[in-house]
Amino acid sequence: MIYLGLEFHAAIAASGAFGRALPLPLGQLLQEPITDPVAIFLTILAIMLVAPLLVERLRLPGIIGLILAGVVVGPYGLGILERDSTIVLLGTVGLLFLMFLGGLETSLDDLKRNADKPIIFGLSTFVVPMVIGTGVMVALGYGFWAAVLVASCFASHTLVALPVLNKLGIMRHPASTATLGATLITNVLALLVLAVVVKADQGDLTLGFWLFLIPALTIYTFAVLWGVPKLGRWFFKQFGHDEGAEFTFVLAALFVASYLASLIEIEPIVGAFLAGVAITQIIPRLSPLMNRVQFIGNTLFVPIFLISVGMLVDPLILVREPQTLLLVSIIVLAELASKFFAAWVAARWFKWKLPSTMVMFGLSMAQAASTLAAITIAFDIGLVDEVVVNAIIVMILVSCVLSPWVVARWGAQIQTEPVEANAASFDGSNTPTASALGQRVLIPVANPSTEDNLLQLAIILTKRVEGTLLPLHVLPDRNQPIAEADKTRQNRLLDTAETIAHAATIPVETIGRIDDSIAWGILRTIQERNADLLICGWKGFSTYRENFFGSVIDTIVRSATIPVLISRFPQPIENTEKVVLAITGRQANLGQIKQTLTITQCLAEELKAPLQVVQMTVGSARDSGTDRSANRKLTALLQEKDIAVQPVQGNTVKRVSEAVQPNTLLVLIASTRIVGQSALGREPEAITKANWDTNILVLHFPAQPTKHA
């Protein structure tokens, strides 16, 4: 059986398959390749800094500059850098990171709900290039198996333009999601074709080959998509306080999945993509950890991969071998035409407009990873000659340069297309609105053990509307000087909050305050800083004394002029597997329920968890006509938003508890307060006591209407 592991880059460098060496390489006119490790890394950093800036002045995507810079400094250009084992290693890591980042932006729930689009486009962008490519190569006089293998190079694709999607902010657009899902299908099928062709050429295409490959691939896919999230949730629960350990776990998941893929003779890039799909289920998209992973990948490793791709290209092929020109033209045109036709057919089927078609085409045209692996192996076993290999390399260069340009050109227009509800704002529109909660979120920080979860929650709600985070710590003035130890602790808590907010790239204004009491310090800060949402921690119950005389939470809830989100997190928020919103007809008016629903939808999407709504319906003749009318309006609202509803009757605490499973985030609305009870009402506290290990959010709205009501 063939081995399609990480070593294919090394095989490329060693095989000499990409053009014969010049009698007098251009690099010898200047100097020998740089060998000092520090100088090599400095040269790469200089390219990463300068090349994108230069090409962006020409209104081209920056990654084109990285590829072209690799051509210039590579062994077939000026010879400044040699494509040695260090470049191969870093380039391979960059390639795996590229596929991993694509997986991180692929929601498994979205794929389940819209599986038809990735499957249809994946099959289209695989079958059409396979048919056209095979026909073209057979017409040029090549054998059937050689033609099929070259066609598989057309069928696969590498997401070189993925950073452009990130920059444009259209990663979650249906066209992008369909192409990301299709990538997994096309690459697996293309590599399967490669394995079959090699086995057929060697005469080893036996039943045993299929009996091993298909079960192994099935078991491996299930193990990654099911096992990594399970292991991750356990790890984050045990070591979630250590940011370094969390980051290391993510990297370990990436490389373990990639290595295990190579053991079952599947390309490691497939494992990297699956690892990203698995990891994104347990890391909120707007969390500091996700930001760190994406920053390291997009800033360091992916650019090195793009430079290494450019270093493979010999720009003088056409000058030295004019007979290659015709073959190059045919192969490049066949590849581009087949990919465009596949995207056009799929887009017509989905009834999408031209910008979506061109984005799909731009993303799927780029060839690099799988193509390099396939053509190297084909050359080594004698299926194709050096002329075909050089033509494929030119195709790689052309497609890698055109791909980001096409995506940038048409991706800027894709936002004008009607899309499914985009959660950029809490009202379901594509752009944040002035009335969306989260523009200025105030979050008191006092307990280091709960601060991380509260900040994660605040970051999700703030970043979605491009708001500002306001961490606050209040030192109560008890008619005596504030101790230096208390001031030091205050600064430490605020510094930690600021660091976490900066890691998530959101604006932050830390507030250290001395006031009469903690509660009134918070309430005065709400007015002074124009906060529109307050997030507080909660222990989950109230004592008899607090019920009558009031606790800090009671004082805040009774006097706050903005919505208050009271939070209790016995489990890490990233472990959430399900979000449940429980509502009763008497709890709140329809406007408050709408706001609670949009916040809950936001959390469910960011935490990659399914949303379930439990609606307490009218259960007896004693319920008024007003209650029945409210229930009907609520049902209509949920149906309008296409949200699954579970209507229940009977004891509220019991019915809500039945909907709670391990790792559930339960969202409630504060009920009416009675003297002698908690300010949140009886039901939220009773539900919390019955589900003590469950993460719970209770949203309380001010008694008087506000601009958010």
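Kindly indicate which of LYS351, LYS339 is basic (Lys, Arg), without any contact (Cβ under 8 Å) to a residue 60 or more places away in the chain and out of contact with any His (no Cβ under 6 Å at 6 or more places or on another chain). Break it down into steps so the answer makes sense when it comes.
Working: LYS339 fails: without any contact (Cβ under 8 Å) to a residue 60 or more places away in the chain.
The match here is LYS351.
Looking at ILE443, ILE460 in this structure, which one is part of a helix (DSSP H, G or I), farther than 30 Å from LEU58 by Cβ and modelled with pLDDT of 85 or more?
Working: ILE443 fails: part of a helix (DSSP H, G or I).
Only one candidate qualifies: ILE460.
Inside region 125-144, can you point out the residues that are hydrophobic (A, V, I, L, M, F, W, C) and closer than 17 Å to VAL387 by Cα? Selection gives VAL136, MET137, VAL138, ALA139, LEU140.
Just to be sure before I move on: is ARG632 among the basic types (Lys, Arg) and modelled with pLDDT under 65 in the structure I sent?
no
Name the residue that is surrounded by the fewest Cβ atoms within 10 Å (Cβ to Cβ), counting only residues in region 71-92 that are of a type in the set (Gly, Ala, Ser) and over 15 Å from PHE41 (Cβ atoms). Looking at residues that are of a type in the set (Gly, Ala, Ser) and over 15 Å from PHE41 (Cβ atoms), I get GLY79.
Given the criteria over 25 Å from the mean Cα position of the chain (by Cα) and aromatic (Phe, Trp, Tyr), does PHE41 qualify?
Working: over 25 Å from the mean Cα position of the chain (by Cα): yes; aromatic (Phe, Trp, Tyr): yes.
For PHE41, the condition - over 25 Å from the mean Cα position of the chain (by Cα) and aromatic (Phe, Trp, Tyr) - is met.
Can you tell which of ILE522, ILE514 is more than 17 Å from GLU685 (Cβ to Cβ), within 36 Å of the chain's Cα centre (by Cα) and either at pLDDT 85 or above or surrounded by fewer than 22 Cβ atoms within 10 Å (Cβ to Cβ) (or both)?
Details: ILE514 fails: within 36 Å of the chain's Cα centre (by Cα).
Exactly one of ILE522, ILE514 is more than 17 Å from GLU685 (Cβ to Cβ), within 36 Å of the chain's Cα centre (by Cα) and either at pLDDT 85 or above or surrounded by fewer than 22 Cβ atoms within 10 Å (Cβ to Cβ) (or both), namely ILE522.
Restricting LYS594, LYS689 to residues that are over 30 Å from ARG233 (Cα atoms) and modelled with pLDDT of 80 or more narrows the list to LYS594. Out of all the residues in region 191-199, is one or more assigned to a loop (DSSP other than H, G, I, E, B), assigned by TED's automatic domain parsing to the domain that holds MET365, of a type in the set (D, E, K, R) and modelled with pLDDT under 75? For region 191-199, residues assigned to a loop (DSSP other than H, G, I, E, B), assigned by TED's automatic domain parsing to the domain that holds MET365, of a type in the set (D, E, K, R) and modelled with pLDDT under 75: absent. Within region 335-353, the residues that satisfy the criterion of being over 25 Å from the mean Cα position of the chain (by Cα) and not charged (D, E, K, R) are LEU336, ALA337, SER338, PHE340, PHE341, ALA342, TRP344, VAL345, TRP349.
Only one residue in MET48, MET99, MET137, MET130 is surrounded by 17 or more Cβ atoms within 10 Å (Cβ to Cβ) and without any contact (Cβ under 8 Å) to a residue 40 or more places away in the chain, so which one is that?
Working: MET48 fails: without any contact (Cβ under 8 Å) to a residue 40 or more places away in the chain; MET99 fails: without any contact (Cβ under 8 Å) to a residue 40 or more places away in the chain; MET130 fails: without any contact (Cβ under 8 Å) to a residue 40 or more places away in the chain.
So the residue among MET48, MET99, MET137, MET130 that is surrounded by 17 or more Cβ atoms within 10 Å (Cβ to Cβ) and without any contact (Cβ under 8 Å) to a residue 40 or more places away in the chain is MET137.
Contact map, region 193-211: residues that are within 12 Å of ILE381 (Cβ to Cβ) paired with residues that are part of a helix (DSSP H, G or I) and at pLDDT 75 or above, Cβ distance under 8 Å, separation 6+ or inter-chain. Pairs shown: LEU194/LEU149; LEU194/SER152; VAL197/TRP145; VAL197/VAL148; VAL197/LEU149; VAL197/SER152; ALA200/TRP145; ASP201/TRP145. In region 202-210, the condition of being at pLDDT below 90, within 30 Å of GLN571 (Cα to Cα), in a loop (DSSP other than H, G, I, E, B) and of a type outside the set (Phe, Trp, Tyr) is met by no residue.
The values are calculated or read from the model by the stated rules, or taken from the named source; none is laboratory data. Quick caveat, the model's predicted, so the values are computed rather than measured. Positions of Cβ are backbone-derived with ideal geometry, glycine not excepted, and every protein chain shown enters the neighbour counts.
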